[in-house]
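Reviewing the structure listed below.
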Amino acid sequence: MKWTDSEIKLLVKKFPNTDTQELASLFGRSYHAVSVRAHKLGLQKSLEYSRKVLRKNGLNQRKKKAESKQQAENAILDKVQILETREDEILKWLSENQPSHPDYEQKIRDLNIVQTRIHYATYQPPLRETSGIIEHTIPKRI
């Protein structure tokens with residue numbers, strides 16, 4: 001479909017400060033068609049519009065990062081809850097059975113594994129403060 005003179009004038013006027021998808025809807029054309037025509041006309045987004053889009057994208061990225069962090073924390077909490085339930089089951093079994101029971105040693109090993117997994121899931125490195133900034137420190141292995 002050929003671009004009319006009035007469409008081109010409107011594109012030249014609106015392109016620098018308007019979302020390209022919005023212009024595509026306005027002209028009843030595809031995003032690609034609007035982008036190609038703007039490129040052929042030498043049009044570019046204005047600095048003000050570009051800054052606005054970058055600011056918006058930065059906010060969206062920070063929001064997504066925060067949501068992702070929250071999801072990871074929730075997953076850890078769910079995992080810890082399952083592990084703690086398993087730990088309770090093993091402790092109950094151990095309290096109800098004697099050390100002479102054939103499965104007793106295996107239950108002790110299972111308990112150690114579950115408690116280790118709980119520790120790793122909930123471990124927070126110690127904090128230290130340097131010049132007003134709190135940093136995580138990783139313990140050195142000897």
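Values quoted throughout were computed directly from the atomic coordinates according to the rules given, and no laboratory measurement underlies them. The model shown is predicted, which means the values in this text are computed figures rather than measured ones. No Cβ is skipped: glycine too gets one built from the backbone with ideal geometry, and neighbour counts run over all protein chains shown.
Over segment 47-124, what portion of Cα pair distances is larger than 16 Å, expressed as a whole percent?
Details: 1959 of 3003 pairs.
Pairs farther apart than 16 Å: 65 percent.
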Taking a straight Cα-to-Cα line shorter than 19 Å from Lys79, and setting aside same-chain lysines fewer than 8 residues away, one finds Lys69
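Can you sort Phe27, Phe15 so the residue with the fewest Cβ neighbours within 10 Å comes first? Mind dumping the intermediate values first?
On the way: Phe27 18, Phe15 21.
Exposure proxy ranking, most exposed first: Phe27, Phe15.
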Low-density loop positions, trypsin sites (Lys or Arg not before Pro), segment 1-30 - DSSP coil, at most 10 other Cβ in 10 Å
Lys2
For Lys45, which aspartates and glutamates qualify as cross-link partners when the Cα separation must be under 17 Å and same-chain residues fewer than eight apart are set aside?
Asp19, Glu22
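What do the square roots of 5 times the Cα gyration tensor eigenvalues come to for the chain, in whole Å, largest first, as semi-axes of the equivalent ellipsoid? Could you put the intermediate results ahead of the total?
Details: eigenvalues 803, 98, 22 Å².
Computed over the chain, the values are 63, 22, 11 Å.
When all alpha-carbon pairs of segment 16-86 are counted, what percent fall beyond 17 Å? Each step should come with its number before you reach the end.
Details: 1590 of 2485 pairs.
Value for segment 16-86 (Cα pairs over 17 Å): 64 percent.
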Quick one: 3J(HN,Hα) in Hz for segment 42-51, Karplus 6.51/-1.76/1.60 with θ = phi - 60°, rounded, Gly and Pro as x.
x, 7, 9, 6, 5, 4, 4, 5, 4, 4
Can you give the helix-only mean residue ellipticity at 222 nm for the chain, where every DSSP H stretch with n ≥ 4 adds -39500 (n - 2.57) and the sum goes over all residues, rounded to the nearest 500 deg cm²/dmol?
-23500 deg cm²/dmol
According to a simple spin-label model (label point 7 Å from Cα along Cα-to-Cβ), what is the distance in nm between Glu67 and Glu84?
2.8
Proximal lysines to Lys107, defined as alpha-carbon separation beneath 16 angstrom and excluding residues fewer than eight positions away on the same chain
Lys92
